[in-house]
Amino acid sequence: APVHAHWAQNSIDRFVQMDIVQGYEGDYRPNDFITRGEFAVLINRVLQYEATAKNTYEDLPDTWYTQDMLKMAQAGILIGDGSYLRPTEPITREEATVVMSRAFFLENQGEGIPFKDEQHISQWAVEAVHAMKSKGYLNGRINGEFDPKAPITRGEMIKILDQVVTKIYEEDGIYTEDIEGNLIISAKKVELDKGSVTGLSLIHI
């Protein structure tokens with residue numbers, strides 16, 4: 001569907017303007033599934049990890065997403081089974097949730113109302129799903145289900161990222177604003193003067 005007709009338009013526009021997300025010949029294709037390799041590129045454009053793991057993975061050739069996946073692996077954010085990272089496979093909703101909760105150090109703030117299909121969420125993903133949901137970053141389907149094993153779409157992913165990342169400081173300078181949420185600092189010389197951050201302040205340079 002064209003971006004202008006999509007429910008995630010505002011989120012997409014925000015990250016397009018920051019050159020964090022890119023489309024295909026001008027079309028973002030928000031309803032397409034996002035692969036694990038594409039997902040790593042997207043998250044690393046936000047967090048900008050520098051340390052790179054050694055490529056010991058049998059399914060990770062030298063291509064456009066390789067360095068991003070190795071940086072995510074080194075940070076302990078993207079974990080395979082030791083030999084495979086499955087870069088061309090679509091990332092599922094529960095897998096994406098686990099990666100996001102690791103990347104932003106999210107913890108469960110309370111049980112709240114469980115998803116109707118709670119029993120279908122993998123045990124290794126339950127805590128991350130609860131953490132994202134308790135922070136208000138994660139919504140289920142209209143029917144109240146999370147649909148954990150379904151591939152996440154590009155639109156769904158960017159909408160979640162938009163909710164998690166409140167502000168990104170990419171340029172050096174002195175900032176005075178108050179941040180209600182999570183702040184990413186990727187510039188090398190940033191000073192917070194009188195401003196406050198209610199959420200998490202992540203510094204990646």
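The values are calculated or read from the model by the stated rules, or taken from the named source; none is laboratory data. Please read all numbers here as calculations on a predicted model, not as lab measurements. Glycine gets a Cβ as well: all are built from the backbone with ideal geometry, and neighbour counts include every protein chain shown. Keep in mind that these areas ignore ligands, DNA and RNA; they rest on the heavy atoms of the full protein, side chains included. Shrake-Rupley method; radii C 1.70, N 1.55, O 1.52, S 1.80 Å.
Compute, for T66, the solvent-accessible surface of its heavy atoms (probe 1.4 Å) with the complete set of protein chains present, and express it in square angstrom to the nearest 10.
Looks like 10 Å² after rounding.
Can you match P(r) over Cα pairs in 5 Å bins from 0, in percent to one of these, (i) 1, 7, 15, 18, 20, 18, 13, 6, 2, 0; (ii) 1, 6, 10, 12, 11, 9, 7, 7, 7, 7, 7, 5, 4, 2, 2, 1, 1, 0, 0, 0, 0; (iii) 1, 8, 13, 15, 16, 15, 11, 8, 5, 3, 2, 1, 1, 0, 0, based on a calculation from the structure here?
From the options (i) 1, 7, 15, 18, 20, 18, 13, 6, 2, 0; (ii) 1, 6, 10, 12, 11, 9, 7, 7, 7, 7, 7, 5, 4, 2, 2, 1, 1, 0, 0, 0, 0; (iii) 1, 8, 13, 15, 16, 15, 11, 8, 5, 3, 2, 1, 1, 0, 0, the structure gives (i).
What order do E89, E38 take when sorted by accessible area (1.4 Å probe), most exposed first? Could the numbers behind the result be given before it?
On the way: E89 75, E38 35 Å².
So the residues, ranked largest to smallest area, are E89, E38.
Relative contact order (percent) for the range 34-112, with alpha-carbon contacts under 8 angstrom and 6 or more residues of separation?
37 percent.
List the residues whose amide H sits under 5 Å from the amide H of V197, counting only those 5 or more places along or on another chain, with H placed 1.01 Å from N in the peptide plane.
Residues meeting the amide H criterion: I179.
Straight-line reach from K135: which lysines fall under 20 Å, measuring Cα to Cα and dropping same-chain residues less than 8 apart?
K116, K159, K167
On the accessible surface of the range 37-164, probed at 1.4 Å, how many percent belong to carbon and sulfur atoms? Intermediate results must be reported in sequence, preceding the final value.
Numbers: 2940 of 6070 Å².
Result for the range 37-164: 48 percent of the exposed heavy-atom area is carbon or sulfur.
Report the Rg/Rh value for the range 31-82, based on alpha-carbon coordinates and the Kirkwood definition of Rh.
Details: Rg = 10.5 Å, Rh = 11.1 Å.
Rg divided by Rh gives 0.94.
Can you compute 3J(HN,Hα) from phi for each residue in the range 50-63, using the Karplus curve 6.51 cos²θ - 1.76 cosθ + 1.60 with θ = phi - 60°, rounded to whole Hz and x for Gly and Pro?
Calculated HN-Hα couplings, in order: 10, 5, 10, 6, 6, 7, 10, 8, 6, 10, 10, x, 7, 8 Hz.
Do any trypsin sites (Lys or Arg not before Pro) in the range 119-205 lie in a DSSP loop with no more than 11 other beta carbon atoms within 10 Å, and if so, which? Before the final figure, lay out each step's value.
Values: sites: K133, K135, R141, K149, R154, K159, K167, K188, K189, K194; in loops: K135, R141, K149, K188, K189, K194.
Passing both the DSSP loop test and the Cβ count: K188, K189, K194.
Going by amide H atoms built from the backbone, whose H comes under 5 Å of the H on F146, apart from near neighbours?
Close amide H contacts, sequence-distant or interchain: K116, D117, R141.
Heavy-atom accessible area of T92 with all protein chains present, probe 1.4 Å, nearest 10 Å²?
T92 has an accessible surface of roughly 20 Å² with all protein chains in place.
How high is the relative contact order of the chain, in percent, counting Cα pairs under 8 Å that sit 6 or more residues apart?
Details: 330 pairs, mean separation 39.1, N = 205.
Relative contact order here is 19 percent.
Using the heavy atoms of the protein chains alone and a 1.4 angstrom probe, what is the accessible area of the range 86-159 per residue in square angstrom? Numbers along the way, then the final one.
Details: 3620 Å² over 74 residues.
Normalised by residue count, the accessible surface of the range 86-159 is 49 Å².
From the square roots a ≥ b ≥ c of the eigenvalues of the alpha-carbon gyration tensor of the range 105-205, which class results: rounded (a/c under 1.5), prolate (a/b over b/c), or oblate? Let's see the in-between values first.
Details: a/c = 2.86, a/b = 2.31, b/c = 1.24.
Since a/c reaches 1.5 and a/b is larger than b/c, the shape of the range 105-205 is classed as prolate.
Two decimals is fine: what's Rg over Rh for the range 108-165, C-alpha atoms, Kirkwood radius as Rh?
Working: Rg = 11.0 Å, Rh = 11.8 Å.
Expressed as Rg/Rh, it is 0.93.
Taking θ as phi - 60°, what are the ³J(HN,Hα) couplings along the range 122-128 by the Karplus curve (6.51, -1.76, 1.60), each to the nearest whole Hz, with x for Gly and Pro?
Residue by residue, the range 122-128 yields 4, 4, 6, 10, 4, 4, 5 Hz.
Under a Cβ-Cβ cut-off of 9 Å, what is the net charge of the residues other than G140 that fall near it, where Lys and Arg count +1 and Asp and Glu count -1? Walk me through the numbers before you get to the answer.
Working: positive: K116, K133, R141; negative: D117, E145, D147.
Net charge in that neighbourhood comes out at 0.
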